[in-house]
Amino acid sequence: MAEISAKLVKELRDMTGAGMMDCKKALKESEGDKDKAVEWLRQKGIASAEKKSGRAAAEGAIGSYIHTGARVGVLVEVNCETDFVARGDIFQELVRNVAMQVAACPNVDYVKVEDIPAEVAEREKQIEMGRDDLAGKKEEMKEKIVAGRIGKRLKEMSLLDQPYIKDSGMTVDQLVKEVSGKIGENIQVRRFVRFNLGEGIEIEKMDFAAEVAAMQAA
């Protein structure tokens, strides 16, 4: 049979949340037929994370990560359906990896795009509307350009839309779905907080030249 393309594997991965190797194997077993590949994954208990997304996830764990040098720290809450899964190695590894991801993304403040307040999205829109490169363009054209830019900008602020730091070929959302498929439970990243050493502390800046001049004048 024809070789399974990376594009086809990615499409199946996006559909099911299953791992890359599992998707590739499923496509080989089904001779490149995506629908049959989905059925194969379901039979193996691998797909689909999407099917589990409506189930209550009230258990889970709060994980932490302190970056080298102890200047950045993260707390993150990731939920699953049962305490048994929450205590498992696979889930605990996911929690730690998500915490590391938050530490690596200083400009990310929300779990997903839907969490971004309307006023924040509107502020970003007004910033884009005022860009110099849009001057002179028709209003309809400006709206289309800005809509595209805003969509991209909001994803930059969303944790789940970030490329996964250990595998840039997948997003954090895809990572969560992949783990969800493996363990058979709904998994949700609920919230996180990032601590930067010294953040918010007002530091008095010393004017060295002025201080020296004052000492000489004394």
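Every read-out reported here was derived from the displayed coordinates using simple, explicitly stated rules and does not represent laboratory data. Values in this document were obtained by computation on a predicted structure and should not be read as measured data. Neighbour counts are summed over all protein chains in view; Cβ atoms, including those assigned to glycine, are modelled from backbone coordinates with ideal geometry.
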(Q) Please rank Ser158, Ser168, fewest neighbouring Cβ atoms within 10 Å first, as an exposure proxy. (A) Ser168, Ser158
Q) Considering only the other residues whose Cβ falls under 14 Å of the Cβ of Glu114, what net charge follows from Lys and Arg at +1 and Asp and Glu at -1? A) 0
Q: Quickly work out the Lys166-to-Val193 label distance, labels modelled 7 Å from Cα along the C-beta direction, and quote it in nm with one decimal.
A: 2.6
**Q.** Peptides 92-105, 75-88 ordered by average Cβ neighbours within 10 Å, highest first
**A.** 92-105, 75-88
Q | Cross-link reach list, aspartates and glutamates versus Lys112, counting only Cα pairs under 18 Å and skipping chain neighbours closer than eight places | A | Asp14, Glu50, Glu77, Glu122, Glu124, Glu156, Asp161, Asp173, Glu178
Q: Mind running the shape call on the range 1-47? Use the C-alpha gyration tensor, a ≥ b ≥ c as the square roots of the eigenvalues: rounded below 1.5 for a/c, prolate if a/b tops b/c, oblate otherwise.
A: oblate
Q) With respect to the cross-link table entries Lys34/Lys155; Lys7/Lys177; Lys7/Lys125; Lys125/Lys155; Lys125/Lys166, which display a Cα-Cα separation exceeding 21 Å? A) Lys34/Lys155; Lys7/Lys125; Lys125/Lys166
Q: For the range 92-104, just list the computed ³J(HN,Hα) in residue order, Karplus coefficients 6.51, -1.76 and 1.60, θ = phi - 60°, integers in Hz, with x standing in for Gly and Pro.
A: 4, 5, 4, 4, 5, 5, 5, 4, 4, 4, 4, 4, 7
Q. Taking the Cβ-Cβ separation of Ala58 and Asp109 as r and a Förster radius of 22 Å, what is the calculated FRET efficiency to the nearest 0.05?
A. 0.30
Q | Pair Asp83, His67: separation of 7 Å Cα→Cβ label points (nm) | A | 3.5
Q: Specify whether the C-alpha gyration tensor of the range 67-125 places it in the rounded, prolate or oblate class, a ≥ b ≥ c being the square roots of the eigenvalues: rounded for a/c under 1.5, otherwise prolate if a/b is larger than b/c and oblate if not.
A: oblate
